[in-house]
Amino acid sequence: MKYAAKRVAMLLLTMVIVSLLAFVAFDLISGDPATAMLGTEATPEKVAALREQLGLNRPLMVRYGEWLLGFFTGDLGMSYSYRQPVWDLIAPKVLVTLCLSGLTFLLIVAVSIPLGLRSARQSGGVLGSVRTLVNQLCMAVPPFFTGILLSYLFSTVLRWFVHGQFPGLDKDLGGSLKYLFFASLALAIPRVAMTVRMLRSTVQGEMRKDYVRTAISRGNDRGGVLYQHVLKNALVPVVTFLAQTMAEIVASSIVVEQVFGIPGLGRMLVASISNRDYPTVQAIVVILAFWVVLAGTVADLINQRIDPRLRLGGAS
Amino acid sequence: MKKRLTAFLLLAALLCAVLTGCGGGSADQTPAEKDPSTDAAPVANEITVGIANDLDDSLDPHKTVKAGTREVMFNVFEGLVKPTPDGDLTPAIAEDYTVSEDHLTYTFTLREGVKFHNGDPVTAEDVKYSIDRCADDSEGEPLVPAFLIIREVQVVDEKTVTITLTEPSNEFLSYLTAAILPAGYDGQDTAPIGTGPFKFVSRAAQDTIVLEKFDEYWGDPAYLDKVTFKIVENADSLMMSLQSGAIDLCNHLPTTQALQLSDDFYIVEGCMSLVQALYVNNAVAPFDDVRVRQALCYATDRQQIIDLAFDGYGSLVGSSMYPTLGKYFDDSLTDTYTYDTAKAKELLAEAGYPDGFDMTMTVPSNYPQHVDTAEVLAEQYKAVGINVEIIPVEWNSWISDVYVGRQYQTTVVGVDASAMTARAMLERFNSQAGNNFVNYQNDEYDALFQQAITCYDDAEQTALYKQMEKNLADNAANVYIQAPADLVAVRKGLEGFQFYPLYVMDLSTVRFAQ
Amino acid sequence: MKNTRMNGYLKAGLILTGFLTALIILGFFWTPYDPEAMMAGPKLQGPTWQHLMGTDKFGRDIFSRVLQGAGTTFTIAASVVAIGAVCGTAVGALTGYFGGIVDEALMRLNDALTAFPSILLALVIISILGPGSKYNVVLALGLVFIPSFARVTRTAFAALRDVNYVKSARLMGASRRRILLVHILPNTMQVLLPAITIGFNNAVLAEASMSFLGIGVTPPDASLGYMLSEAQGMFIAAPWYAIGTGVTIVLLVFGVGLIGEGLQRRDKEVD
């Protein structure tokens, strides 16, 4: 439990640092929000009044503290380009992106773990080479290219979903998940290939270790040894790898959302970057960063459960 | 075996953590508004219309900047008079009007039974409030510059309003299409209320705008119960959405895409009420030199642009006027500059750029037609040694940097008219105009403009406007290209779409065929 | 330690990458048509012998554009890897060899940075630098790729610091610079080369993604990512456009991926 407490403390610290960096960086480059909001109507008096009203005259750290609290109270400032609270803009989109990532993650785990274990048991031969080639090929296909092909196949040819008409999670959960499923397929393919490869090399590395050889030479059957000992030890790096995968999915989904026309954080982020809508960019970046850090923490906590010998910092 | 189970259980737990984050969150969202009417009707009498960009931040009709906002909100707002598809004005909120002998006093009788979308009847007070609001010049230029000549708006009785002018103007009536709003209501920015055949229901930024039929509309009611405007900023996604059936109607379709459409759609062809041009910032070097601008005109092969980027659809223009504005359009200006690279080089050499120069074109990335045009122009200008860098920007950035901020060299875009008069097109190029985003400065033009707006004789005024158009063409204020064809994709089974000589989209006449 | 034996993956990868690189280099000097010339052929025509990958909406030759776009992508990816590898190795060498508190702090920062997906970090940097310029793309991605190279080389330098021949070189009075550059650096190639192949592929995919989103390389510069986003809307009328462009990216990444696979296998056999 002490480990968990320490790990969570570290998580909180990282989050504070990440958000502080984001806040300061965007505060520096975004110039004066009051001038930006007023645009051509800006006069020195109006700017001063708006600065006062927005509380921009207070020290940086005070504003940072308030902004950080905003993630809990739902007040993240106003978007420059939509003149709407940032929170209202992004809250519905966070859920969409989370669902897409979650679905993709499920798909990756469900497909790659059985595949990886199977491929770890066989090795060499022509089949092995073919497998490696297919694996490399899958890793080489960018998700947005697969996305274009898949959306054409499933939407235009088969008409299994209507491209561009994302029903909305609150209106039709089933329909939305179905829509997201096709996007998650595009996201999952290269990641499945990587996970299978990773699993295979980890398990095979473990199988070569002395304790496994001893167990087998004692007459235990290979399958039994695989499940009883090898898997447990191999699981630790795999969980760490999956956490990394979670982070990568979030990043790739930015592009795939664009391909499938999914109203998620990714599209919002790209539009906000082009519009130089810094309050929105800032909030989205921090949310995505939190998500990445959280995935790492959860992985560490799980690993510690699997192998209690692990100590802080020694997990990866 | 037990350990294997534990391992998988742990993995499952991880997944659950992910899923609950997702599932739990979406449950919170369920109480969002649900539309009862869609459940009741056996066949949903509603359509989805694709639009290329989000509307203005504010939906207040008097503060509209983007043509796209006017286009959509045309269904929600009406003025004392409103435009008809053939370019006339027809009484709307006013049932009738008279003009005094000296052309200085307009008396409007309001129509009985006109109601706002909130159920309140339209009164003379509302009319006075709305017109005064547009004419208020206490903070600089009024919202409608043409209203500067209003001396007074008077409420005679409940149903009668008179407007007196300081000078006669035969265009004044065209501007009375300005929306009539309920007096004192301050929610127009986010929850607009008008009197049109559709009422505003909701808006989700970057996503949708929903309108519903207004049951107490005074005139011919809309056929459709509900219209959802779906914002699809990426032209490619728009194409996919049309193909897949997510969108029933979409105008301003790029021709390449229109030609790709499946049999589910038919195309209605009109002429867009705007002038597409390479708008040039006349205030920055080297474009402050008329010879450079003329060189650009000579270096532009307009027909090739139409052929390459518009599949041959579109009509050439030579100044800031489009053909559907009928009598104001001067066809002879179209050929002021014909494609001639030798002449262009000559002019460039005269201006001191014998080897050309580097320039930037800022284009709104959500308009593929304009981006395509810029690409063709960039290629054409190579022939005279001009190196073009194309900068695609989001529409919001375009508005703030180019249109409002005027921080650009050149831009490809279409400019439309807010009312059906030549003035609406030409006013922006007078040096004092707040929306003179090309920074055009020409004393002769300013003088002509003053003469034109105070002239009461229609023929004389039209002649003056034509002189202004010629002034723009001769001085190569911009590189005028064309009035693009307006291709509207309509799902088969829908009918009644009408074109206006204005940048609007009237959905009240659109209906499902019986 | 040195091993030049080839295996199948390495061979296949080298052949494929060599072929593509030759095409790309050819593309810098000569393309069948001017990649920007409009009406080089009829609009939206399918593949023919005149136009191997067909033509686009302006009648431009897609094969020529793909060559040019692949050149842009290749140049960007190579520059990114160069920045990442040189700066990363410098950081890794210094911290790995000298150790100490700076090493500890830098590696913590490194761990935090490598945990973030490269596209996400690059997007943040792009949003600070301003979108729409290829130099900003190179700079953003280059910065993002430094930590992963630093991590790899640091481990190698730390391990080689105490091997016998380095110790003896130190005893013989070789300067630090000489030890780092002459005695250790060449021996880190074994870990650096696979890292470079992975980095290259990540850079290609990241650049393509950003251009696809419209915040990377912009027209009239041809970039595979931007061309693919353009091709998506024309998939029904001109599927060859998307396929030609997409397959080029896949082959480029596939070839370098095979080299990486081959390198790793070769090293494993030696150990």
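Does residue C:222 satisfy being out of contact with any helix residue (DSSP H, G or I) (no Cβ under 6 Å at 6 or more places or on another chain), at negative phi, touching a residue at least 40 places away in the same chain (Cβ under 8 Å) and part of a loop (DSSP other than H, G, I, E, B)? So residue C:222 fails the test. Of the residues making up the stretch A:151-190, those that are on the phi < 0 side of the Ramachandran plot and basic (Lys, Arg) are A:171, A:178. Residues of the stretch C:187-199 include none that is surrounded by 23 or more Cβ atoms within 10 Å (Cβ to Cβ), closer than 30 Å to residue C:61 by Cβ and either more than 10 Å from every other protein chain (Cβ to nearest Cβ) or in contact with a helix residue (DSSP H, G or I) (Cβ under 7 Å, 6 or more places away or on another chain) (or both). Taking the stretch C:95-108, which residues are touching a residue at least 12 places away in the same chain (Cβ under 8 Å) and assigned to a helix (DSSP H, G or I)? Within the stretch C:95-108, C:95, C:96, C:97, C:103, C:106, C:107 meet the criteria.
Checking each residue in the stretch B:44-88 for being closer than 19 Å to residue B:248 by Cα and small (Gly, Ala, Ser) picks out B:44, B:50, B:52, B:68.
Listed here are the strands (runs of 3 or more DSSP E) enclosed by the stretch B:44-101 that have at least 1 residues being within 14 Å of another protein chain (Cβ to nearest Cβ) and touching a helix residue (DSSP H, G or I) at 6+ places or on another chain (Cβ under 6 Å): B:46-51. Scoring residue C:113 on the criteria (1) away from every other protein chain (no Cβ under 13 Å); (2) more than 17 Å from the chain's Cα centre (by Cα); (3) among the aliphatic types (A, V, I, L, M) leaves a single failure, condition (1). Within the stretch A:257-277, restricting attention to residues that are touching a Gly at 6+ places or on another chain (Cβ under 9 Å) and in a helix (DSSP H, G or I), which residue is farthest from residue A:142 (Cα to Cα)? Here the residue is A:274.
Just one residue in the set A:252, A:272 is touching a Leu at 6+ places or on another chain (Cβ under 6 Å), buried (at least 22 other Cβ atoms within 10 Å of the Cβ) and closer than 28 Å to residue C:226 by Cα; that residue is A:252.
There is no residue in the stretch C:15-22 that is within 14 Å of chain B (Cβ to nearest Cβ) and over 30 Å from residue C:140 (Cβ atoms). When residue C:104 is tested against the conditions (1) modelled with pLDDT under 85; (2) under 30 Å from residue C:36 (Cβ atoms), the lone failure is (2). Screening the candidates A:309, A:276 for the property of being on the phi > 0 side of the Ramachandran plot and either more than 19 Å from the chain's Cα centre (by Cα) or at pLDDT below 85 (or both) yields one hit, A:276. Taking the criterion of being within 14 Å of chain B (Cβ to nearest Cβ) and closer than 11 Å to residue C:73 by Cα, the residues of the stretch C:211-250 that qualify are C:211, C:216, C:217, C:221, C:222, C:223, C:225, C:226. The criterion of being outside any helix (DSSP H, G or I) and crowded, with 19+ Cβ neighbours inside 10 Å holds for residue C:116. The listed residues are B:87, B:79, B:68, and the only one of them that is at positive phi and either at pLDDT below 80 or surrounded by 14 or more Cβ atoms within 10 Å (Cβ to Cβ) (or both) turns out to be B:87.
In the set A:296, A:264, only one residue is in contact with a Lys or Arg (Cβ under 6 Å, 6 or more places away or on another chain) and either more than 10 Å from chain C (Cβ to nearest Cβ) or over 28 Å from residue A:154 (Cβ atoms) (or both); that residue is A:264. Screening A:175, A:147 for residues that are farther than 17 Å from residue B:237 by Cβ, of a type outside the set (Asp, Glu) and touching a Phe, Trp or Tyr at 6+ places or on another chain (Cβ under 9 Å) leaves exactly one candidate, A:175. Quick check on residue A:272: is it more than 10 Å from every other protein chain (Cβ to nearest Cβ) and touching a Ser or Thr at 6+ places or on another chain (Cβ under 6 Å)? No: the conditions fail for residue A:272.
Every residue in the stretch B:112-147 that is assigned to a helix (DSSP H, G or I) and surrounded by fewer than 15 Cβ atoms within 10 Å (Cβ to Cβ), please. Listed by number, the list holds a single entry, B:125.
The values are calculated or read from the model by the stated rules, or taken from the named source; none is laboratory data. Only a predicted model underlies this, so the values are computations on that prediction, with no experimental measurement involved. Neighbour counts are summed over all protein chains in view; Cβ atoms, including those assigned to glycine, are modelled from backbone coordinates with ideal geometry.
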